[in-house]
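Throughout, read-outs are computed from the coordinates displayed, never taken from laboratory work. Just so we're clear, the structure is a prediction, and the values are computed from it rather than from any experiment. Cβ atoms come from the backbone with ideal geometry, glycine included; neighbour counts cover every protein chain shown.
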Amino acid sequence: MDELIMKSTEIDSGIPSGDVNIDLAEIARIIPDKMAFKIGEVAEIAGLKTYVLRYWETEFDALNPQKSAFNQRMYSRRDVETVLLIKKLLYDEKFSIAGAKRKIKELRRELKVEKQRIEVGDKVSQASANLEELIGEIAMLKELFI
């Protein structure tokens, strides 16, 4: 019975139950070191047809390639990372499109929180270094007057 409920929830939400293993570093390593990619290049990197990429552009707000002066799609490195993430969610992790959209939003929120945590940590480290420098200067001033 529990198994049936789990499968029902999985179907309703479009998100497979259990942890999703997404190695963003692995995704980033696959991409050649370039600033912009044509749709054919992205299709080759991802192992997809170009019409699939065009369809995903209509479904996923996170995927938004710019158009060149010649009206050709130009994917940024981030767009290519997004394509590979979408492919992993849909094909490997068996998400529905709606479930993949939710998972991408969730991952973006987590990434934003992680970036904020890192920024706060950097600021705390800098403040600590400044404080240590001030303590040293106070100690030097103190010795001048003693």
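Here are the numbers for the structure shown:
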read-out	value
In Å, descending, principal axis extents of the Cα set of the stretch 23-72	31, 23, 19
Cα convex hull of the stretch 43-146, projected area averaged across orientations, nm²	11.0 nm²
Estimated dipole of the stretch 24-108 in Debye, rounded to 20 [Cβ of Lys and Arg +1, of Asp and Glu -1, Cα centre]	140 debye
Given Lys49/Lys105; Lys49/Lys88; Lys38/Lys112; Lys38/Lys67, the pairs whose alpha carbons are separated by over 21 Å	Lys49/Lys105; Lys38/Lys112
Highest-first arrangement of 67-76, 92-101, 51-60, where packing means the average Cβ count within 10 Å	92-101, 51-60, 67-76
